[in-house]
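Working notes, beginning with the structure itself.
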Amino acid sequence: MPKAGSGLSLDGDRIPMWLVLELTYRCPLHCAWCNNPLDFDNYRNELSTEEWKRVLREARAMGSLQLGFSGGEPLLREDLEELVGEADRLGFYTNLITSGIGLSRERLQAMKAAGLKQIQLSLQSSDRAITDSLVGAKAFDAKLAAAREIKSHGFPMVLNVPICRQNIEQTEDILKLAEEIGVDYLEFANIQYYNWALLNRSEFLPTRDQIAMAEAAVARARERLGKRMTIYFVIPDYFDERPKACMNGWGAIHLTIAPDGSALPCQEARVIPGLEFPSVRDAPLAWIWHESPVFNEFRGDAWMKEPCRSCPEKEQDFGGCRCQAYLLTGNAANTDPVCAKSPEHHLVVDAVAEAAVPGRRRRPIVMRRRDSVNTMFMGCGG
């Protein structure tokens with residue numbers, strides 16, 4: 001599936017080529033960088049099987065091609081295999097994005113028969129203790145077993161490793177483990193700081209030296225492995241001078257449907273207050289994509305302020321990420337402060353500097369758990 005900030009160009013017809021179905025926010029893990037909303041437990045009114053099938057039909061009719069079944073943990077939906085089968089019948093290239101918890105041989109066989117094309121499995125470390133601590137559960141052995149089972153069924157597999165300070169120095173060990181498993185694609189995805197990850201930013205941000213070390217290890221592995229394994233290393237925005245072309249522009253090629261049916265230009269868009277996200281329960285998907293106010297809010301460049309409005313690079317990065325601009329500056333129409341041209345760029349520079357201070361007081365990591373955010377703020381008020 002295309003990555004945010006990849007080389008894809010803006011589609012002239014604004015086709016939602018990349019469709020993500022967040023089937024549920026339920027999950028057996030408690031990852032402290034989860035991109036689900038902080039109030040994830042409030043979204044329990046999940047779409048039914050037939051409602052999801054209607055979404056698939058409408059999206060395919062609009063030209064959607066690539067489909068990711070995501071969550072939470074999509075395996076918690078008992079109708080997952082049925083939805084995979086419907087998507088395959090419609091002609092989607094289907095990808096399961098999973099933690100691997102609950103991925104049994106029987107379910108793999110059923111999804112293979114239903115037409116699932118690819119699986120993206122998350123793994124946090126080559127070390128059992130680090131993995132289990134980062135996800136808040138005993139998960140390492142189950143993830144490793146799932147990886148081997150996926151390969152035994154002949155699926156192309158992406159191993160997604162969310163990189164942070166706690167695991168970045170294991171890059172070489174993770175590369176060796178991926179090679180031993182027979183991974184097709186290995187993605188070192190440095191954590192992007194939204195929602196839960198933003199709460200834990202000071203504890204997760206690696207140093208520039210750590211990133212340089214990891215990049216060097218990846219370069220050596222690429223040279224050694226050649227075409228046997230494709231390795232991605234996604235630099236965190238905070239360590240660049242220009243923002244990524246987030247989702248190739250707002251409402252350009254990416255469409256997320258949340259568990260409750262809300263249609264989102266990206267998985268993080270709910271962090272921006274004042275926007276009304278229409279539901280597929282109330283309106284046709286084509287109207288939502290082409291006509292709804294929220295999908296047109298940041299399309300084009302009419303919304304841009306300076307320095308974006310007159311910047312010659314605006315058609316390359318579209319002003320960066322609207323969600324990040326809001327979270328860091330309080331205004332979604334501001335230039336993404338990752339950009340060195342932004343008057344708020346110091347916010348990113350300061351965050352990197354703070355995280356790198358040797359011997360500073362460490363903060364407890366906030367795990368993705370019901371009421372953990374409320375508990376944290378209550379504790380801070382005393």
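The values are calculated or read from the model by the stated rules, or taken from the named source; none is laboratory data. Keep in mind that this is a model prediction, so the values were computed, not measured. Here the Cβ is made from the backbone with ideal geometry for all residues, glycine too, and neighbour counts use every protein chain on show. These accessible areas exclude ligands, DNA and RNA; they are computed on the full protein's heavy atoms, side chains included. Shrake-Rupley method; radii C 1.70, N 1.55, O 1.52, S 1.80 Å.
Residues in segment 58-80 that are in contact (Cβ under 8 Å) with a residue 12 or more places away in the chain, closer than 29 Å to Arg105 by Cα and surrounded by fewer than 20 Cβ atoms within 10 Å (Cβ to Cβ): 4 in all. Taking helices (runs of 4 or more DSSP H) as the structural unit, those lying wholly within segment 189-293 and holding at least 2 residues that are among the small types (Gly, Ala, Ser) correspond to 208-225.
A single entry from Ile168, Ile130, Ile181 fulfils the requirement of being open to solvent by 40 Å² or more (accessible area, probe 1.4 Å) and either within 19 Å of the chain's Cα centre (by Cα) or not polar (S, T, N, Q) (or both): Ile130. May I ask you to verify whether Arg309 is farther than 29 Å from Asn200 by Cα and free of Cβ contacts under 8 Å to residues at least 40 places away in the same chain? Spelling it out, Arg309 is indeed farther than 29 Å from Asn200 by Cα and free of Cβ contacts under 8 Å to residues at least 40 places away in the same chain. Among the residues of segment 38-81, the ones that are assigned to a strand (DSSP E or B), of a type in the set (A, V, I, L, M, F, W, C) and farther than 25 Å from Arg368 by Cα come to 1 in all.
Residue under question is Cys339, and the condition is that it be within 28 Å of Ala32 (Cα to Cα), part of a loop (DSSP other than H, G, I, E, B), modelled with pLDDT of 95 or more and of a type outside the set (S, T, N, Q); does it hold?
Criteria met by Cys339.
Residues in segment 301-343 that are within 19 Å of Leu198 (Cβ to Cβ), surrounded by fewer than 18 Cβ atoms within 10 Å (Cβ to Cβ) and not β-branched (Val, Ile, Thr): Gly330, Asn331.
A count restricted to segment 133-142 and to residues that are surrounded by fewer than 23 Cβ atoms within 10 Å (Cβ to Cβ) and either of a type in the set (Lys, Arg) or within 20 Å of the chain's Cα centre (by Cα) (or both) stands at 2. Scanning segment 105-127 for residues that are in contact with a Leu (Cβ under 8 Å, 6 or more places away or on another chain) and open to solvent by 40 Å² or more (accessible area, probe 1.4 Å) yields a total of 1.
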